[in-house]
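Engineer: Okay, here's the structure, questions in a sec.
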Amino acid sequence: MPSSEPTWQARLADELVEAGVEVATWVPDKRLAPIGIRLAERGVPLRTLTREDECFGYAAGHRAAGGTPLVMIQCSGLGNSINAIGSLVIPYGLGFPVVISMRGTLGERNPAQMPLGRTTVAMLEALGVQSFPLSRPDAVAPVVRGALAVADGARVLAPILLDAELELT
Amino acid sequence: MNPTEIVRAVLRAAPGALVVSSLGTATSALRAASEDGPHLYMGGSMGTALAAAIGVAEKRPERQVVALLGDGETLMGAGSLWSLAGIAPQNLLAIVLVDGHYTITGDQPLGVPAVFGDVAAALGLATAAAGTPEEVEAHVGSLARPALLEVRYDERSWPGPSPFVDAPVVRWRFERAARGVG
């Protein structure tokens, strides 16, 4: 019998909605897709853009206009986004949550994913951005609530890293 | 016609608009033409100004929004033309200032066809081309949104104000203007 318990992706989306996320921008990813579907079901527009730095540009504009946007990307897309983060999001003081699907880590079988997976946290730290790993389904609520508090209150980028362990457990 | 004259014509036709300007000439010209109005001036992040303007337009659907873009900027963020057509905000006009050069880095030529209006038309966007301030003003006033207005100019003098803006001040002033309290 299939369980009627919501998946961790659905609960993550629900927490984002409860925390006030108004719009989500993303570049498609298999692990992020159920989050996007749930966000759309909850009435949050899901904008599929052409590159990850475009997602950061969109979210920067939305936030600068007083909104609460969300960015969802695969960690390889962080590499595409470094300049948008470094010369727009950070200097302008634009805080919003980012859900990053981690590739190139435990369980990865694609060699091309390994270098960016290995450097994701280091790249963020080099930019002065603190990230918040999510490794267990039962940590969804505190991590999302905490990250949204950081984005909204402390006005800095708040990346939530979806660790591979979420699906390996 | 020079960039500041172009932007003055834009602001005459869309006086209450929230404007997002790309780094370099567009930001300097907007600062000059608006006397440092509370707009979202980009000091870097080349290629993201149109995406940012789409975000502004979606947050503030009741306001007119203008993306003021250099030609090199538009190339670097070309994917956002597709997003403009796909999302199709009904309150957003993209204006490309076309002089065929990367001005702020020392006037290097673009090296590719400057056919922004043609690309936008192929994407189904409303488009127009302008070569005088009068044409700019008329098209900004009459084009359906979303649209792309291509403005060609040959007087390539630097508009004056620094394009290196004080980012937190820009953001604070812009958010107030977007909320209607500025």
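The values are calculated or read from the model by the stated rules, or taken from the named source; none is laboratory data. Every value quoted in this text rests on a predicted model; they were computed, and no experiment measured them. Here the Cβ is made from the backbone with ideal geometry for all residues, glycine too, and neighbour counts use every protein chain on show. Quick note on the areas: whole protein, heavy atoms, side chains included, nothing else; ligands and nucleic acids left out. Shrake-Rupley method; radii C 1.70, N 1.55, O 1.52, S 1.80 Å.
Engineer: Just need the relative contact order of chain B here, percent rounded to a whole number, with Cα pairs under 8 Å and 6+ apart.
Structural biologist: Rounded, it is 29 percent for chain B.
Engineer: Further question: Between A:Ile82 and A:Arg136, what length in nm is gained on full extension when 0.36 nm per residue of separation is reduced by their alpha carbon distance?
Structural biologist: 16.7 nm
Engineer: Here is a follow-up. Taking H placed 1.01 Å from N in the peptide plane, check which residues at least 5 places from B:Ala130 or on another chain put their amide H under 5 Å from its amide H.
Structural biologist: B:Glu150, B:Val151, B:Arg152
Engineer: Also, I was wondering about something else. Let me have the 222 nm mean residue ellipticity of the protein assembly as shown computed from DSSP H runs of 4+ only, each contributing -39500 (n - 2.57), with the sum over all residues rounded to the nearest 500.
Structural biologist: So the helix-based figure for the protein assembly as shown works out to -12500 deg cm²/dmol.
Engineer: Here's a follow-up. Just want to confirm a number: the relative contact order over region B:114-182, from Cα pairs under 8 angstrom separated by 6+ residues, in percent.
Structural biologist: This gives 26 percent for region B:114-182.
Engineer: Take the Cα radius of gyration of the protein assembly as shown and divide it by 2.2 N^0.38 Å, with N its residue count; two decimals is plenty.
Structural biologist: Here the answer is 1.01, to two decimals.
Engineer: Would you mind telling me the antiparallel percentage of the DSSP bridges in region B:1-97, rounded to 5?
Structural biologist: 0
Engineer: Counting pairwise Cα distances across chain A, what percent come out greater than 21 angstrom?
Structural biologist: For chain A, the fraction of Cα-Cα distances above 21 Å is 41 percent.
Engineer: Explain nothing, just the number: relative contact order of region A:57-125, from Cα pairs under 8 Å at least 6 residues apart, as a whole percent.
Structural biologist: 34 percent.
Engineer: Kindly provide the GluC sites (Glu not before Pro) of region A:38-95 that DSSP labels as loop, not H, G, I, E or B, and whose Cβ sees at most 11 other Cβ atoms within 10 Å.
Structural biologist: Passing both the DSSP loop test and the Cβ count: no residue.
Engineer: Answer rounded, prolate or oblate for region B:31-150, using the Cα gyration tensor with square roots of eigenvalues a ≥ b ≥ c: rounded when a/c is under 1.5, else prolate when a/b is larger than b/c, else oblate.
Structural biologist: rounded
Engineer: Sticking with this structure for a sec: Quick one: of the DSSP bridges fully inside the protein assembly as shown, what percent are antiparallel, nearest 5?
Structural biologist: Within the protein assembly as shown, antiparallel bridges account for around 5 percent of the total.
Engineer: Given H placed on each backbone N at 1.01 Å, which residues far from B:His101 in sequence or on other chains put an amide H within less than 5 Å of it?
Structural biologist: B:Leu110
Engineer: What is the set of long-range amide H partners of B:Tyr41 at a cut-off below 5 Å, with H atoms built 1.01 Å from backbone N?
Structural biologist: B:Ser21
Engineer: Go through B:Thr103, A:Thr25 and list them by solvent-accessible area, largest first, probe radius 1.4 Å.
Structural biologist: Result of the area sort, largest leading: B:Thr103, A:Thr25.
Engineer: How much of B:Glu62 can a 1.4 Å solvent probe reach, expressed as accessible area in Å² and rounded to 10?
Structural biologist: Approximately 120 Å² for this residue.
Engineer: To the nearest 10 Å², what's A:Arg145's accessible area with a 1.4 Å probe?
Structural biologist: That residue has around 150 Å² of solvent-accessible surface.
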